[in-house]
Structures are given as structure tokens and as C-alpha cells.
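Working notes, structure below.
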Amino acid sequence: MSYNMVSVIAIAITAVIALLASHYFTLMFFEEEHSLFKIVQLIIAIVTMTTFYAPIKYYLIKKMGVEEEKE
């Protein structure tokens with residue numbers, strides 16, 4: 001499997017985690033009708049994506065034995 005495919009899989013996994021985490025964490029503090037609901041949800045999603053993308057990609061690369069191509 002290529003390095004690019006592993007990156008796409010890592011982005012997909014991280015996006016699902018970010019979607020679920022942002023929705024449920026935001027629901028813990030705000031009602032859906034609250035004016036800050038979407039803004040807080042976006043901030044939590046961005047933080048989750050930036051936090052979990054690199055570890056997930058690293059784990060997938062090591063697990064699948066993919067080496068990055070050097071030009």
C-alpha cells in the first residue's frame with residue numbers, strides 16, 4: 001500500500017473521530033439551538049484533527065510496513 005493511500009485512510013479515520021468528538025463534547029456544554037454551538041463544534045473538530053492525525057498516520061505506517069518514497 002502506498003504512502004498516499006495511508007495518508008488518506010488516516011485523514012478519514014481522524015475526520016470520523018473529530019466529527020463524533022466535536023458533536024458529543026459540544027452537546028455536553030451547549031444545546032443545539034445555542035448561538036455558539038457550531039463555532040465551538042468547529043474549534044473542537046480542528047483541535048481533534050490536528051491532535052490525532054499524526055499518531056494515527058504513524059501507527060498505520062508502522063502497522064502496514066509502508067516506507068516513504070525518497071526522491
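List of remarks:
- Going through (1) open to solvent by less than 60 Å² (accessible area, probe 1.4 Å); (2) hydroxyl-bearing (S, T, Y); (3) more than 29 Å from V66 (Cα to Cα) one by one, S7 falls short only on (3).
- Among (1) farther than 16 Å from T14 by Cβ; (2) under 19 Å from the mean Cα position of the chain (by Cα), the one test that P55 misses: (1)
Residue by residue, here is whether (1) in a helix (DSSP H, G or I); (2) exposed (fewer than 15 other Cβ atoms within 10 Å of the Cβ); (3) without any contact (Cβ under 8 Å) to a residue 40 or more places away in the chain holds:
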residue: A12; (1), (2), (3): yes, yes, yes
residue: V16; (1), (2), (3): yes, yes, yes
residue: F25; (1), (2), (3): yes, no, yes
residue: E31; (1), (2), (3): no, yes, yes
residue: I39; (1), (2), (3): yes, yes, yes
residue: L42; (1), (2), (3): yes, yes, yes
residue: V47; (1), (2), (3): yes, yes, yes
residue: A54; (1), (2), (3): yes, yes, yes
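- Filtered residues of the range 56-67 (kept if among the charged types (D, E, K, R) and surrounded by 11 or more Cβ atoms within 10 Å (Cβ to Cβ)): K57
- Hits in the range 1-10 - residues which are polar (S, T, N, Q) and touching a residue at least 12 places away in the same chain (Cβ under 8 Å): S2, S7
The values are calculated or read from the model by the stated rules, or taken from the named source; none is laboratory data. Computed from a prediction, not measured in an experiment: that's the story for all the values here. With ideal geometry, Cβ positions are generated from the backbone for all residues, glycine too; neighbour counts draw on all protein chains shown. For accessibility, only protein heavy atoms count, side chains too; no ligands or nucleic acids. Shrake-Rupley method; radii C 1.70, N 1.55, O 1.52, S 1.80 Å.
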